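The values are calculated or read from the model by the stated rules, or taken from the named source; none is laboratory data. What you are looking at is a predicted structure, and each value in this text was computed from that prediction instead of being measured. All Cβ positions, glycine included, derive from the backbone under ideal geometry; neighbour counts span all protein chains shown.
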Amino acid sequence: MGKTKNKFGNNWLALGVLVKRNIKLYMKDKMTVFFSVLAPIIVLLLYVLFLGDMQAESILAMLQEQGVETVTIADVNALVNNWMISGVMGVSCITIALNANIVMVRDRMTGNVNDVISAPVKRWVLYLSYIISCFLITFTICLIVLALSIIYLAATGGLMMSFSDFLTILCVMVISVFSSAFLMVLICSFIKTTGALGALNSVFCTAIGFLIGAYLPFSMLPSYIQYIACFIPGTYSAGLFRNYFMGGVIRHLRSSVPPEVIDALLNDYSINLDFFGHPVTAGWMVFSILISIVLFAVLLVIFYSNKRTNFFMIGKKLKKKKAKRS
């Protein structure tokens, strides 16, 4: 019994050491950290400089067609800015998680993963350390992005969320980052080099913003894109962010805008989501993200249990190839 407890304690001690090691290696690469923070800021600047005005003009035109004259330009800008920030947060949870796996890919490329196992360290301990470090790195950087977003909203007069909305946003961020961490670790398990990760990052980060409706409302996208988005967890993360970032603005507009116009805004700007025509409430969005976490976790267990696709077995093959070449 004492030996079992000792082994269990050693495993968790090793897990803590490996998580610290992964985070330190990530933080040591200053350029990777810089670009991880810079990517969502660039998206935010694109909105502020270009897309924001386009969205504001579109909403103003729609309100004028409906005969609504009581809404000010400040109200419209507040609505657009909160919609924009919601998209930035939704994309950040995914793209930063992808960047955070550079340590795992580098370990696999160099064969360091096998050196760690020979320590000896249980395979599940090393594997779990990558997931935890990915979560912690992503969540920390997303907190920075959230802080910058709130400062921007406060500076532009668009900060209308309540304290309960803010707490809910933090909870949404936690489950969204968990889902993204599991998914990105699964995807990066198939990547052999940091160069391939960089290439994937450049393509993936561009596409995911459109697929989850972060850059443009789903109403402006082809129907097949909307159908694909129904199966992406990030779609529901972005939907939840929109619900709580924009909640204060919507409550403010309800006092001066007819209900049918509010409903049109909620539908046109993807605040209300639907799954093949069936409305998806905030509760179902949370449930969808939790289901994705369970699904990705099961897929990871299956993947790592198979000797043909096992991350560590592939690492050994790479190390053998290098030994033969030398």
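Under the condition of being among the hydrophobic types (A, V, I, L, M, F, W, C) and more than 17 Å from ALA61 (Cα to Cα), the residues counted in segment 232-278 number 12.
If the condition is being in contact with a Ser or Thr (Cβ under 8 Å, 6 or more places away or on another chain) and closer than 15 Å to GLY213 by Cα, then segment 240-279 contributes LEU240, PHE241, ARG242, ASN267, ASP268, TYR269, SER270, LEU273. Sort out which residues of segment 172-206 are of a type in the set (Val, Ile, Thr) and assigned to a helix (DSSP H, G or I), and write them in order of number. Result: VAL172, VAL174, ILE175, VAL177, VAL185, ILE187, THR194, VAL203, THR206. Reported count of residues in segment 71-88, each being outside any helix (DSSP H, G or I) and within 17 Å of ASP263 (Cβ to Cβ), is 1.
Taking the criterion of being over 30 Å from LEU183 (Cα atoms) and either of a type in the set (Lys, Arg) or not in a helix (DSSP H, G or I) (or both), the residues of segment 232-285 that qualify are ARG251, ARG254, SER255, SER256, VAL257, PRO258. Out of (1) surrounded by 15 or more Cβ atoms within 10 Å (Cβ to Cβ); (2) more than 24 Å from the chain's Cα centre (by Cα); (3) modelled with pLDDT of 80 or more; (4) not aliphatic (A, V, I, L, M), the odd one out for SER288 is which? Exception for SER288: condition (2). So for segment 194-210 (the condition being within 30 Å of THR72 (Cβ to Cβ), under 17 Å from the mean Cα position of the chain (by Cα) and in contact (Cβ under 8 Å) with a residue 40 or more places away in the chain), does at least one residue qualify? Checked against the condition, which is being within 30 Å of THR72 (Cβ to Cβ), under 17 Å from the mean Cα position of the chain (by Cα) and in contact (Cβ under 8 Å) with a residue 40 or more places away in the chain, segment 194-210 yields at least one hit.
List the residue pairs whose Cβ atoms are under 8 Å apart, where the first residue sits in segment 218-229 and is free of Cβ contacts under 8 Å to residues at least 60 places away in the same chain, the second is charged (D, E, K, R), and the two are 6 or more positions apart or on different chains. So the pair list comes out as SER219/ASP268.
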